[in-house]
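Since the structure comes first, as structure tokens, the remarks are kept for the end.
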Amino acid sequence: EDESLPRMPEHLVDDLCDVLTFMTKHPATARAMRGIDLGDAFRVVVKLLSPKYAHTVRNYNLRAKLGDVLYFIYLPNKEDRSPTVPESVMCDPLSGGRPYLLSDASAQQTLAPSLLLLYGEVEQTGYYDRMKYRAHIASLLRYLWESAEHKAAFRKIATDRDSFVTFANGIMNETNSLIASVMEKLPEIRRVQVQMANPQEWAALSEEQRETISSRHEENEEVVRGELPLCNKTLQMLGWLNTDPDIRNLFLLEEMCSRLVNMLFHVLLKLVGTKGLELKVDNPESYNFRPKDMLRDLCAIFANFASADEFVLECAKSGYYEAELVQKSVKTCQRLQLLTGEAMDEFAALTGRVEVASRTVEDFDALTADAPEEFLDPLMYTFMRDPVYLPTSDKVVDRATITQHLLNDPHDPFNRKDLTMDMVKDAPELKESIDRWLEEKRRTHKKTTSGSGGSS
């Protein structure tokens, strides 16, 4: 009952999760579940994950276990799951045998936002646990996204800015971390494969050297096989989420957009940059490494955002942006037909738009080059557009800077005191001074340029 749920001790929730997931691990116990009604267990899990009951289960690992129960028991058999659980267990007999994930009214309202929040929350768990949890959450989200029953909930998500930003930050952290790790290990795997394929070179090594290299090689293979599935799912999730205009607008927020741009170019550089040949390992499919699919998913995201002014402007500002890299990717997509139609046109137009935006960025940098020290962000040393006051250190920074920082580290960057975004205060007087100074600079610049134009 709803009244008793808030009083449920965490150890009981933990036991429930362990028993349910244990039963799915072995074919014999999974088959024994046939005929058992797990509808009540489903409703308990959905409620405990919902924001209303978040205080009941505070432990992030335990909350992630609740997500695992949904994945192992209630997600209809897909290509990424072994079909051990009987269909009858995951389906509601009272709704004509439809899956609980689709038929349950409470799940239709709360589950999609709960899972998005959970994706961000598991940032606090261990590295390998986090990868496993997020891969499962991504599969669940994809299933819900493709169903008509959850469309309204996904639309509602776009109105909860703070929760969505937490989730989006989790996606970008995960992608950066996974890509960095995978792209470091694939060249190592290739080097050892080449070395082992040369009998003379391999035989010239001592037995101890061969053992060391082989051990490291097996370790790299295991890590890559673990990381690439989540890497692929995360890129795909970024793609299908951003086909929704309201969700796409959240990624264009100032505190999000620069991170998105840098992440996308970081991945693109690794895939098609000058060292791309180092990634050509033998039997890539055995590692779940599908570079063409990754490039297609990545470039489709670029195409989704290519017409957004905010995105184009951040591309122009990004130190990762290289026009040649984008042009090379465009040619590859055209040659292999990875993108077609409007998506291909949008991606191909990106470099031209960034070139125009670069002039805007250069003009603004020139305009603010002699800005007073108090108008500059002390962390990024950039011109502040929306200054805010940090009560924990008496410092002023740009809102986008501190928002990005607090997403990954809930402490004041100047003195490490606890700090949350709701403690941060506006600095209206300083903002007014900045706006006034900038307006005066623009007016002076306009007079100067029009005067020089008239005298020539």
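The values are calculated or read from the model by the stated rules, or taken from the named source; none is laboratory data. Quick caveat, the model's predicted, so the values are computed rather than measured. When we count neighbours, we look across all protein chains shown, and the Cβ atoms used for this are built from the backbone with ideal geometry, even at glycine.
Summary table
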{"quantity": "Members of segment 10-34 found to be closer than 17 Å to residue 87 by Cα and either outside the structural domain of residue 70 (by the TED database) or hydrophobic (A, V, I, L, M, F, W, C) (or both), listed by number", "calculated": "20, 23, 28, 30, 32, 33"}
{"quantity": "Residue satisfying all of: in segment 371-387; in contact with a helix residue (DSSP H, G or I) (Cβ under 7 Å, 6 or more places away or on another chain), aliphatic (A, V, I, L, M) and at pLDDT 95 or above; surrounded by the most Cβ atoms within 10 Å (Cβ to Cβ) among these", "calculated": "384"}
{"quantity": "Qualifying position, being farther than 23 Å from residue 420 by Cβ and hydroxyl-bearing (Ser, Thr, Tyr), among 143, 119", "calculated": "143"}
{"quantity": "Verdict on residue 431 being modelled with pLDDT of 95 or more, farther than 23 Å from residue 250 by Cβ, in contact with a Ser or Thr (Cβ under 8 Å, 6 or more places away or on another chain) and not assigned by the TED database to the domain that holds residue 166", "calculated": "no"}
{"quantity": "Any chance residue 261 is assigned to a helix (DSSP H, G or I), in contact with a Cys (Cβ under 7 Å, 6 or more places away or on another chain) and surrounded by 19 or more Cβ atoms within 10 Å (Cβ to Cβ)", "calculated": "yes"}
{"quantity": "Residue check, residue 270 within 30 Å of residue 197 (Cβ to Cβ), of a type in the set (Lys, Arg) and either modelled with pLDDT under 95 or in a loop (DSSP other than H, G, I, E, B) (or both)", "calculated": "yes"}
{"quantity": "Lone qualifier among 232, 220 - being closer than 20 Å to residue 170 by Cβ, surrounded by 14 or more Cβ atoms within 10 Å (Cβ to Cβ), among the polar types (S, T, N, Q) and touching a residue at least 12 places away in the same chain (Cβ under 8 Å)", "calculated": "232"}
{"quantity": "Filter pass, residue 226 being small (Gly, Ala, Ser) and in contact with a helix residue (DSSP H, G or I) (Cβ under 6 Å, 6 or more places away or on another chain)", "calculated": "no"}
{"quantity": "Test: residue in segment 314-329 that is surrounded by fewer than 16 Cβ atoms within 10 Å (Cβ to Cβ), in the same structural domain as residue 261 (by the TED database), over 22 Å from residue 253 (Cα atoms) and hydrophobic (A, V, I, L, M, F, W, C)", "calculated": "yes"}
{"quantity": "Qualifying positions in segment 376-399 - of a type outside the set (D, E, K, R) and part of a strand (DSSP E or B)", "calculated": "376, 383, 387, 388, 389, 390, 396, 397"}
{"quantity": "Residue 255, sole failed condition from (1) touching a residue at least 12 places away in the same chain (Cβ under 8 Å); (2) within 25 Å of residue 293 (Cα to Cα)", "calculated": "(2)"}
{"quantity": "Hits in segment 153-186 - residues which are surrounded by fewer than 16 Cβ atoms within 10 Å (Cβ to Cβ) and modelled with pLDDT of 90 or more", "calculated": "184"}
